[in-house]
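Just so it is clear, none of the values below were taken in a lab; they were calculated from the coordinates. All of these numbers come straight from a predicted model, not from anything done at the bench. Every residue, glycine among them, receives a Cβ derived from its backbone with ideal geometry; neighbour counts consider all protein chains shown.
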Amino acid sequence: MGKRIVMVGAGLSGAVIGRMLAEAGHKITVIDSRDHVGGNCHTQRDEDTGVMVHVYGPHIFHTDDEEVWNYVNSFTTFMPYKNRVKSTVDGQVYSLPVNLHTINQFFGQALRPDEARDFIKSKAEDIAEPQNFEEQALAFVGSDLYKAFFKGYTEKQWGCSPTELPASILKRLPLRFNYDDNYFFHKFQGMPEDGYTPMIASILDHAGITVKLGEMFDPATAGDWDHVFWSGPLDGFFGYELGRLGYRTLDFKEFRYDGDYQGCAVMNYGNADVPYTRITEHKHFAPWESHEGSVLYEEYSRACEPHDIPYYPIRMVDEKAMLSDYVAKANETTGVTFVGRLGTYRYLDMDVTIREALDTGRAFLAAEEKGEALGAFLKSPV
Ligand SMILES: Cc1cc2nc3c(=O)[nH]c(=O)nc-3n(C[C@H](O)[C@H](O)[C@H](O)COP(=O)(O)OP(=O)(O)OC[C@H]3O[C@@H](n4cnc5c(N)ncnc54)[C@H](O)[C@@H]3O)c2cc1C
């Protein structure tokens, strides 16, 4: 007989694990406090303009993981989409990520790839072991490009000096010596034709799954279930008793425009005196559609307060210490597995979220076969 299992959260984590366990014969209840499925990937068509709006910020699907790509394509049709980001700095528009076009335009040059490589090498500062974000950037691109494209943006995004941030953040930002302005390197990239919410609704569409929306799951009731998969905040499960793990939140100031406001989906603003980090124009995330009107978000980043939506985990020294304490508490809890971006306090792209959810579902079924219980984490978030 199937077990009674609850998924707290109807985002990708809850949906993918729930689907796998429902297919294995378990009785799955998915509970979300919001009035929609999809979690932070939720999309909704705007009534006035017909534009598909990425309600909690823009989401672009990109992955090298073939199983994950095949998985999402089995629930919806993906349309081709390449993320091409621009940045406005000191009244000029540049191409991101920093590529040969950016370098030539910024320095007023016409360099070929090898020349540009040497040129940037001559600009880069000689820092053998960068200790923070700023040093990493200076070692990569030198002071001019750092100030234009990284410094102000990063200060706005993280609300602190780049010298306080770990060097590892910048290891993810590529520098290109060709004219490739596709933001992501991944083999598979695209956008679900009808948005992410119908895709996630389709994953949840199984006779063994009951979805309850607008309902807050109380961790005190965890014992009523054979197993709980918790994709809510890790510290929230424990009533924040050791304090709150730090997050950045985002405010989206929506505005509308009759026509094409900026000609691209994402326009960053590199200068620190422009208060928002970027403007996103949602109709450009669906280039196969055509809409007269436009819906845009100005994106502002700030420290997350108790009633805000947590977006980016901060993961600095203090947070990591608190995280270790929460992980220790979670490891003492039985019958609960912490999953997803909030449950494991990590920034996870959608493809990684799905990969981990598939692995978690399989690990649950494998443990069950051996008569064992699944632990608190698939892998430690510390
Ligand atoms: C600003 C931003 C932009 C992003 N852009 C991209 C992108 O371009 N490409 C990409 O691949 N990834 C992107 N991501 C990552 C993507 O959002 C995550 O991979 C994905 O949302 C993780 O899904 P999840 O199910 O783990 O969490 P979530 O989507 O956060 O779902 C968790 C759900 O749990 C619910 N919940 C929490 N606590 C409770 C409770 N007590 N009771 C009931 N319900 C509860 C919440 O309401 C929420 O709906 C972005 C993330 C952010 C923050």
Would you work out which of VAL295, ALA220, TYR347 lies farthest towards the positive end of the dipole of the chain? Charges go on Cβ: Lys and Arg +1, Asp and Glu -1. TYR347
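With the Cα gyration tensor of the range 63-171 in hand, convert its eigenvalues to equivalent ellipsoid semi-axes via √(5λ) and list them largest first in whole Å.
Numbers: eigenvalues 174, 79, 48 Å².
Listed largest to smallest, the semi-axes of the range 63-171 are 30, 20, 15 Å.
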Per residue of the range 259-269, in order, report the coupling 6.51 cos²θ - 1.76 cosθ + 1.60 (Karplus, θ = phi - 60°) as ³J(HN,Hα) in whole Hz, putting x for Gly and Pro. x, 10, 6, 10, x, 7, 6, 10, 10, 7, 10
Convert each backbone phi in the range 139-155 into a coupling constant with the Karplus relation 6.51 cos²θ - 1.76 cosθ + 1.60 (shift: θ = phi - 60°), then list the ³J(HN,Hα) values in order as whole Hz, x for Gly and Pro. 5, 7, 10, x, 5, 5, 5, 4, 5, 6, 10, 10, 4, x, 4, 5, 4
To the nearest Å, what is the center-to-center distance of the range 300-358 and the range 118-134, using C-alpha atoms only? 32 Å
Using label points projected 7 Å from each Cα along Cα→Cβ, tell me how many nm separate MET316 and SER122, to one decimal. 3.8 nm
Take the range 204-283, compute every pairwise Cα distance, and split them into 10 Å bins from 0; I just need the percent in each bin. 12, 26, 19, 26, 15, 2
Once you place label points 7 Å from the Cα toward the Cβ at HIS307 and ARG346, how far apart are they in nm? 3.3 nm
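Between LEU242 and ASP205, what length comes free when the chain is fully extended (0.36 nm per residue of separation minus the Cα-Cα distance, one decimal in nm)? List each step's numbers first, then the result.
Details: separation 37, 0.36 × 37 = 13.32 nm, distance 3.77 nm.
Extending this stretch completely gives an extra 9.6 nm.
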The rounded separation in angstrom of the Cα centers of the range 218-275 and the range 162-213 is 15 Å
Evaluated at q = 0.06 Å⁻¹: base-10 log I(q)/I(0), Debye formula over Cα of the chain: -0.26
Which one of THR163, THR353, THR29 has the biggest mean-square fluctuation once the chain is modelled by GNM with Cα springs under 10 Å? THR163
Kirkwood Rh over alpha-carbon pairs of the range 1-134 plugged into Stokes-Einstein at 25 °C, 0.890 mPa s gives a D in µm²/s of 123 µm²/s
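Tell me the volume per residue, in Å³, of the convex hull enclosing the alpha carbons of the range 239-376.
On the way: hull volume 21.3 nm³, N = 138.
Hull volume over Cα atoms, normalised by residue count, gives 155 Å³.
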Folded to 0 to 90 degrees: helix 12-23 orientation relative to the chain principal axis, Cα: 40 degrees
Once you wrap a convex hull around the alpha carbon atoms of the range 107-172, what is its projected area averaged over all directions, in nm²? 4.7 nm²
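For the range 107-172, give the magnitude of the charge dipole about the Cα centre (Cβ charges: +1 Lys/Arg, -1 Asp/Glu; no others), in debye to the nearest 20. Write down the numbers at each step before the final one.
Numbers: 9 positive and 11 negative charges, 60 e Å.
My answer is approximately 280 debye.
Rounded to a whole number of µm²/s, how large is the Stokes-Einstein D of the range 172-220 at 37 °C and 0.692 mPa s, given Rh as the Kirkwood radius over C-alpha pairs?
Numbers: Rh = 15.5 Å.
Calculated translational D: 212 µm²/s.
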